[in-house]
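We did not get these values from a lab; they are worked out from the coordinates using the rules stated. Since this is a predicted model, take the numbers as computed values, not measurements. Cβ: placed from backbone, ideal geometry, glycine included. Neighbour counts: every protein chain shown.
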Amino acid sequence: MKTVAFHTLGCKVNQYDSEAMLELFEKAGYAPGKFNEKCDVYVVNTCTVTGTGDKKSLQAVRRAQRLNPEAAVIVCGCLAQRDGEKLLRETGAQVVIGNARRNEVVALLEKALAENTAICAVTDVTRAAYEPLFITRHEGKTRAVLKIQEGCDRFCAYCIIPYVRGGIRSRAVEDVVKEAACLAESGYREVVLTGIHLTSYGRDFKDGTTLLTVIKALHDIDGVERIRLGSLEPVIANEEFACALSKLPKVCPQFHLALQSGCDTVLKRMRRRYDTAAYRESVLALRKYFPDCALTTDVLCGFPGETAEEHGQTLAFCREMGFARMHVFPYSEREGTLAATMPDPVPRHVREDRARELIRLGDGMAESYRRSQLGSVRSVLFETEKNGKSFGYTMEYMHCEAPGDLIGKTLNVHLTGLTEEGFSGEIC
């Protein structure tokens, strides 16, 4: 039996796409292999958000070719969408697929092998329809990523993603419900809703369907205990949205609101569609209805023209928000974006210094949030077990460990101590 191995870079959407393609290979008779072992087929699902993503994607292709020079290599994802023909010429891949035609991955490979040729199957995704992909499982045994949306039309100044993922397109509610029910039947208790721009879900339907529509539909599925939301734009988290979510007990009180900068002038240059006042209102709305919720965010520092004063405003705003976790990134130029042509680039060493300062702030806020939860009782869904301890996550996505073999169980845990990753606790 032929083997196929995947290496996935980047976001949760890519993770979902890889799992869907793996299941297509398995249906065609392939066995799943490991990427660090000799296999017959290697699939590299690439990322091009940053230059580092490009570099790691190409490194993975070369590693696959060293592991088995006779293997077929498939390159897909965002870097493939961006540089398809170039990758076909320069990597020796049998098939290059962008962010469409992934449901044809097996047929394309078999065609390339049968004809002893290489195929670039990258197509324009500007006005593509939502591509039907389906999963029955995800890595792990209790939590599954569920893709419900594709594409973005925001065109933020620094971001290449709208160019490689195409316009917004949403998955039909009935298809989302069908897949979630299938995952629940397979034992998955938590679904994580994800998309390239999750906030835009339903906007292309023109019938009033929104993200709240699909959340409510999933809430009615037996076996689904938790619904976790992926990254949201702050504009969606208004009073009405927060109030509606608070009436759905399966919704996890962990909200990732992308910030990018805590300075209004920088946000404007970034072409973000909110300011710090609007962001603050969203945070207040969520905390009104979810007082102990975990608020997490992304911050991009060193954007072109960012002054020391503007950086200081971002530090102050982040400190005011009191995030439970911050993901910090120094700005990275992307050819083809507006920001790449902007004047006054911030020197790389300054970007990195500012990133370290924000990371220190984020680490301090994360510890403060964890300490605020000590002594409380939280529901924990246990996912793994090792050396007599089980490990899982609270509804707020805080890591927790407790004694015993508890995989697949959702139990109330008294949080009694801090660990390097989260909490230790005792079953109530």
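Laid out as a table, the results:
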| read-out | value |
| --- | --- |
| Bins of 10 Å from zero: percent of alpha-carbon pairs in segment 260-303 | 25, 48, 23, 3 |
| Long-range tail of P(r) for segment 217-343 (Cα pairs > 25 Å, %) | 31 percent |
| Over the chain, volume per residue of the alpha carbon convex hull, in Å³ | 151 Å³ |
| Alpha carbon convex hull of segment 377-427, volume per residue in cubic angstrom | 61 Å³ |
| For segment 3-120, projected area of the alpha-carbon convex hull averaged over all directions, nm² | 6.3 nm² |
| Counted charge near Ser332, where neighbours are those whose Cβ lies closer than 14 Å (Asp, Glu -1; Lys, Arg +1) | 0 |
| Exceeding the 30 Å Cα-Cα cut-off - candidates Lys86/Lys141; Lys206/Lys250; Lys288/Lys389; Lys55/Lys389 | Lys86/Lys141; Lys288/Lys389; Lys55/Lys389 |
| Mean Cα-pair separation over length for the chain, i.e. relative contact order, pairs under 8 Å, 6 or more apart, % | 10 percent |
| Descending semi-axes in whole angstrom, ellipsoid equivalent of segment 143-372, from the Cα gyration tensor | 32, 21, 15 |
| Coordinate range along principal axes, alpha carbons of segment 194-282, Å, largest first | 47, 28, 21 |
| q = 0.16, 0.23 Å⁻¹: log10 I(q)/I(0) that the Debye formula gives for segment 20-71, counting C-alpha atoms only | -0.53, -0.90 |
| Once the Cα gyration tensor of segment 294-428 is diagonalised, semi-axes √(5λ) in Å | 39, 16, 11 |
| Across Lys27/Lys178; Lys12/Lys409; Lys178/Lys409, pairs whose alpha-carbon gap is larger than 21 Å | Lys12/Lys409; Lys178/Lys409 |
| Ascending count of other beta-carbon atoms within 10 Å, so fewest first, for Thr276, Thr265, Thr297 | Thr265, Thr276, Thr297 |
